[in-house]
Amino acid sequence: MGNGIAHVFAMKGFQVNLCDISKERLDQAIQTISGNLDRMVSKEKITAYEKSGTLENITKLTEMQTAVQDVDLVVEAATEREDLKLKIFSDLDNYAPEHCILASNTSSISITKIASATNRPEKVIGMHFMNPVPIMKLVEIIKGYATDQAVCDIIVNLSKKLSKIPVAVNDYPGFVANRILMPMINEAIYSLHEGVADVDAIDTVMKLGMAHPMGPLQLADFIGLDVCHSILKVLHEGFGNPKYVPCPLLTNMVTAGMLGRKTGEGFYVYKKGSKDLVVSSRFSL
């Protein structure tokens, strides 16, 4: 989601340092941003000049220390692994200016826990964007146990400047969005696992019957099955409630490397080189 977050900040005129672990990943991110901007130009939502200006606002960097040495806000969007996020925030605390706010795009991990890796817990906050970031309006703002209210107010106002709708929530596992969404996705997987219906039937029922724009199994592929699995584990560990235990089918698919759209295969099989196109379901009754 990092490229989407960079996209929305840069399009609103902010200077963005986009940092990743390799030049190849950064080049891929810029390609994605450029392609998304091209679609906006073709739909006459922005001009070619605005596209050019957005790309000019983004600087690619592979060294964290250089990327954050003179910034006011960092938004971390690494994969949903607690150990990785704690390491990143410890490093950010060392490298970023004292006044800098450190935000995480985590979708389930405790902001209070992440803040504990720093010496500035009052300046650590959750800024959970929805995917795809350039399109979805919601930003879930999560205030940790020690987060200053002034910091929360700054991030709420900043989100509005990005033309987003911020909603403040408390720091509990999964917050609001994924505490409700992930059990639904898990139940859809259980329905498939137990032979209640096939993939197309489950997704069609939820789209036509519940007015969801995307069925839960296709959505799981879009999010990434490994991410869904990780969030469910956070919910289970945080609440100790067995209703959050990942379905065995989900666990097996993640173990097999079938992670959804990003690997070309999950509950659906995606045409190589065009992962937006669903070719078929791998499951049928």
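The values are calculated or read from the model by the stated rules, or taken from the named source; none is laboratory data. On a predicted model such as this, the values are computed, not experimentally measured, just so you know. Quick reminder, even Gly has a Cβ in these numbers, built from the backbone with ideal geometry, and neighbours come from all protein chains shown.
Kindly indicate whether VAL245 is touching a helix residue (DSSP H, G or I) at 6+ places or on another chain (Cβ under 7 Å) and either in the same structural domain as ILE114 (by TED's automatic domain parsing) or of a type in the set (A, V, I, L, M, F, W, C) (or both).
For VAL245, the condition - touching a helix residue (DSSP H, G or I) at 6+ places or on another chain (Cβ under 7 Å) and either in the same structural domain as ILE114 (by TED's automatic domain parsing) or of a type in the set (A, V, I, L, M, F, W, C) (or both) - is met.
I need the full set of residues from the range 78-95 which are closer than 19 Å to HIS128 by Cβ and either assigned to a helix (DSSP H, G or I) or not polar (S, T, N, Q) (or both), in order please.
Within the range 78-95, ALA78, GLU80, ARG81, GLU82, LEU84, LYS85, LEU86, ILE88, PHE89, LEU92 qualify.
For the range 48-63, how many residues meet the condition of being surrounded by 11 or more Cβ atoms within 10 Å (Cβ to Cβ) and either aliphatic (A, V, I, L, M) or farther than 20 Å from GLN15 by Cβ (or both)?
3
Exposed (fewer than 13 other Cβ atoms within 10 Å of the Cβ) and not charged (D, E, K, R): which single residue out of PRO173, PRO242 fits that description?
Sole residue among the options that is exposed (fewer than 13 other Cβ atoms within 10 Å of the Cβ) and not charged (D, E, K, R): PRO242.
Determine, yes or no, whether ILE46 is closer than 14 Å to PRO134 by Cα, touching a residue at least 24 places away in the same chain (Cβ under 8 Å) and not in a helix (DSSP H, G or I).
yes
Pick out the one residue from ASP83, ASP93, ASP72, ASP27 that is touching a His at 6+ places or on another chain (Cβ under 8 Å), without any contact (Cβ under 8 Å) to a residue 60 or more places away in the chain and over 21 Å from MET136 (Cβ atoms).
ASP72
Among LEU61, LEU37, LEU55, which is the only one that is touching a Lys or Arg at 6+ places or on another chain (Cβ under 7 Å) and assigned by TED's automatic domain parsing to the domain that holds ILE135?
LEU37
I need the full set of residues from the range 186-212 which are surrounded by 23 or more Cβ atoms within 10 Å (Cβ to Cβ) and either under 17 Å from HIS236 (Cβ atoms) or polar (S, T, N, Q) (or both), in order please.
Selection gives ASN186, ILE189.
Please give the number of the condition VAL151 fails out of (1) surrounded by 17 or more Cβ atoms within 10 Å (Cβ to Cβ); (2) assigned by TED's automatic domain parsing to the domain that holds LEU249.
If we test VAL151 against (1) surrounded by 17 or more Cβ atoms within 10 Å (Cβ to Cβ); (2) assigned by TED's automatic domain parsing to the domain that holds LEU249, just (2) comes out false.
Can you name every residue in the range 245-261 that is within 22 Å of the chain's Cα centre (by Cα) and either among the polar types (S, T, N, Q) or surrounded by 16 or more Cβ atoms within 10 Å (Cβ to Cβ) (or both)?
Residues satisfying the conditions are PRO246, CYS247, LEU250, THR251, MET253, VAL254, THR255, MET258, LEU259, GLY260, ARG261.
Given the residues SER104, SER108, which is the only one that is surrounded by 13 or more Cβ atoms within 10 Å (Cβ to Cβ), at pLDDT below 95 and under 18 Å from the mean Cα position of the chain (by Cα)?
On inspection, the qualifying residue turns out to be SER108.
Mind telling me which of the residues HIS229, HIS193, HIS212 ends up being within 20 Å of the chain's Cα centre (by Cα) and over 18 Å from SER108 (Cα atoms)?
One residue alone meets the criteria, HIS212.
Within the range 107-160, how many residues turn out to be assigned to a helix (DSSP H, G or I), more than 16 Å from GLY238 (Cβ to Cβ) and among the hydroxyl-bearing types (Ser, Thr, Tyr)?
Qualifying residue count for the region: 1.
Which one is nearest to CYS19 (Cα to Cα) among residues in the range 37-47 that are surrounded by 14 or more Cβ atoms within 10 Å (Cβ to Cβ) and of a type outside the set (Val, Ile, Thr)?
For the range 37-47, the residue satisfying everything is LEU37.
With the requirement that a residue be over 13 Å from MET64 (Cβ atoms) and surrounded by 19 or more Cβ atoms within 10 Å (Cβ to Cβ), what does the range 85-99 give you?
Across the range 85-99, the qualifying residue is only LYS85.
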